[in-house]
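Here the structure is laid out as structure tokens; the discussion comes afterwards.
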Protein chains: 2
Amino acid sequence: MISYYFKRAYDIIGSSFISINCVQRRLLLRAIDFQKLGRQYKATVEKQLASLTRHDEPETIYKPIRHVLSAGGKRFRSALVLLSCEAVGGKARDALGAAAAIELFHNFTLVHDDVMDHADMRRGLPTVHKRWNTNVAILAGDELAALAYRALLKSRTQRLQEVIHVFTEAFNQVCEGQALDQEFEGQTDIYLNDYLRMIGKKTGCLIVAALHIGALMGNATKREVATLCTYGEHLGRAFQIMDDLLDIIGDEREFGKTIGGDIREGKKTYMLIKALERAKGKDRLLLHLITAHHKATTAMVNRVRDIYHRYGIIDDAKREIARSTRRAQRALTPLKTSHAKDMLFWLSDQLLERTT
Amino acid sequence: MISYYFKRAYDIIGSSFISINCVQRRLLLRAIDFQKLGRQYKATVEKQLASLTRHDEPETIYKPIRHVLSAGGKRFRSALVLLSCEAVGGKARDALGAAAAIELFHNFTLVHDDVMDHADMRRGLPTVHKRWNTNVAILAGDELAALAYRALLKSRTQRLQEVIHVFTEAFNQVCEGQALDQEFEGQTDIYLNDYLRMIGKKTGCLIVAALHIGALMGNATKREVATLCTYGEHLGRAFQIMDDLLDIIGDEREFGKTIGGDIREGKKTYMLIKALERAKGKDRLLLHLITAHHKATTAMVNRVRDIYHRYGIIDDAKREIARSTRRAQRALTPLKTSHAKDMLFWLSDQLLERTT
């Protein structure tokens, strides 16, 4: 995401540097600053991850782990840890262990979720259970969770127990969220509130935990913690609905996953729930069929995409993402002005246009 | 195990109370004391486990978790936590959270291992992936690990960070051990040292961690920690070799698992490694066949059992268990005399005759 926006900002500056006004120019230069810092953070986290996973054996654990991590990813959650720490006056370097922990933990959930969701591709590479097998994926996932705690324990803070507590609660919630996601697959009577509760646990919780932990690392006040957690809640919602959206309107090469995977698995996405509320006749029948049988063909995926467009659901999703993003940004207001606060604001903006 | 030995002690006392001498009688009454305390510990740990897992939803997580825990089990590892704490002067009740954590973690490994080892039965009940499916087993396992950390954080101790560190290192080691176990399955060039390294990680490590954590809860000195860890290392070895042995000479109903499961999976057990060293001709061929193809029939399992008997490998295994148990008991010497120390001594003795 970061390099994509860097390129985008550069394209604009390169092509129309003379015609844009001063304010626009300042904002663009600021964006370039953020891109640069984002790249620095990413590089430092990558180094941490490499050092935590460089063991030679057992190679059926560490090879797949390095395979997963080598696929890159935005390292968005670890950036949140570092920025949250800085936004309350802490030093990003003190939160590096925690940032790596959040990233390792996130990858643990991806490896296990991919098994459960029968996903073949992740970030443009074959998933662990496809490249190796299910046993390897189970164990590599387990080890990623173990490594996450190991990384967390390397953090330099007086509030390590609080940090471990927040991390552990997120661990519990994320598992529960994934279980709800699986349970919802075969059901047609799932409503928006159920969906929001599910994504709050499955996706939102780790994003909130990243910000909470970052804040603790920076020795935040209770109010600062609450502020950053509220930002995280809205951001998490925007992030997950965007993820749902990219599954249907994304570019397979950029997204790195098979498009329509959610429809094939009968996943309850923001769009499917809205569509089940609104669709009539044959459209409704198709949606029920997909929910009950999980055997959508490419033609069916295309028909569902068409339904989403016809009933205005794609636009609805985009509006909901924009609304949640604005709420996230507003939530930041009580924080003291800082470069990190501005970057958190900017980061949430990027979400509106992310493609991966 | 505990009720079995209680019954056994009672049988002896009941039938020959008059004919046994005073020392024997004192030892037997002591054993009954230990049984009673063991039952009390078990009941307290069960209560903790029930309170930690009584959530209603998502039921695809908590139902399988309660299914696993309802099957009972010896709660041997949690007893080690409590006894270790008491053996260094601590109060068992302060270590209850940690005892539950070790038990939850152990059950996490069982649920995932059963998927990987295609095991149908555990403690006389169908395994989670058999009763539900693989997805449920992966998630229920993950949640058990999360609950384990939650339980650990409830412990009352000034040394919680040390405790979490030991627990996390065990988490890492156990995953590595299980990976080695899986890797060894297809290989014929595995020797005793490889096996001992593997079981040290897969089984020994959690037993050592239970004792280490118990000791920390009791605010042990470095020397006391080292003493209890050494006891744990030997005990862990005896325990795993006994487990290997029960897979081939155990009673299916008592053992609660399908007999010969290790042979069917081509597992490198103490006996298989010894047999691969010694067997000649057709016997050797059969062992290689089993190692390479993992498709042993019941007739083949019986032939392997016969090989183990003919080459004296069953006796060897028993001798190795007895030797490791004696070493474990000798390791306890530096500890101050206490009821808990005596019970640790006694517990390791029970291993020699365990059937489950």
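Some notes on this structure:
- Rg over Rh [alpha-carbon atoms, Kirkwood Rh] for segment B:2-351: 0.97
- Modelled FRET efficiency - R0 25 Å, residue B:300 with residue A:133, Cβ distances, 0.05 increments: 0.55
- Proximal aspartates and glutamates relative to residue A:336, as straight alpha-carbon distance under 16 Å, when same-chain residues fewer than 8 apart are discounted: A:86, A:224
- Gap separating the Cα centres of segment A:40-78 and segment B:195-248, nearest whole Å: 31
- Cβ neighbours within 10 Å from other chains - mean over B:53-65: 3
- Size estimate for segment A:45-153 follows the Kirkwood approach: the inverse of mean 1/r over distinct Cα pairs works out to 14.0 Å.
- With a simple spin-label model that places each label point 7 Å from the Cα along the Cα-to-Cβ direction, the separation between residue B:191 and residue A:191 comes to 6.9 nm.
- Modelled spin labels at residue A:315 and residue B:39, positioned 7 Å past Cα toward Cβ, are 7.3 nm from each other.
- Reachable lysines, given that their alpha-carbon falls under 19 Å from the alpha-carbon of residue A:154 and they are not under 8 places away in the same chain: A:42, A:47, A:91
- Once backbone amide H atoms are built at 1.01 Å from N, residue A:122 has A:127 as its partners under 5 Å, excluding neighbours fewer than 5 places away on the same chain.
- Cα gyration tensor, segment B:79-129 - rounded (a/c under 1.5), prolate or oblate: prolate
- Relative contact order for chain A: 19 percent, from Cα pairs under 8 Å spaced at least 6 residues apart, divided by residue count.
- From helices alone, the protein assembly as shown scores -24000 deg cm²/dmol at 222 nm; the rule is -39500 (n - 2.57) for each run of n ≥ 4 DSSP H residues, then divide by the residue total.
- Aspartates and glutamates whose Cα lies under 15 Å from that of residue A:257, excluding same-chain neighbours fewer than 8 positions away: A:113, A:114, A:117, A:120, A:243, A:244, A:247, A:265
- Inter-chain neighbour count for A:146-157: the average number of beta-carbon atoms from partner chains within 10 Å of each residue's beta-carbon is 3.
- Once the chymotrypsin sites (Phe, Trp or Tyr not before Pro) in DSSP loops with at most 12 neighbouring Cβ atoms within 10 Å are cut out of chain B, the longest remaining piece is B:18-190.
- For the protein assembly as shown, the Cα-based Rg and Dmax, in that order, read 28.2, 108 Å.
- Extended-chain gain in nm, criterion 0.36 nm per residue less alpha-carbon gap, residue B:223 and residue B:254: 7.3 nm
- Legend: residue pairs A:267/B:130; A:202/B:74; A:268/B:63, Cα-Cα distance threshold 27 Å; pairs beyond threshold, A:202/B:74.
- Among the residues of B:170-178, the average count of other protein chain beta-carbon atoms within 10 Å of the residue beta-carbon is 6.
Read-outs throughout are calculated quantities, based only on the coordinates presented, and are distinct from any laboratory measurement. Keep in mind it's a predicted model, so treat the numbers as computed, not measured. Neighbour counts are summed over all protein chains in view; Cβ atoms, including those assigned to glycine, are modelled from backbone coordinates with ideal geometry.
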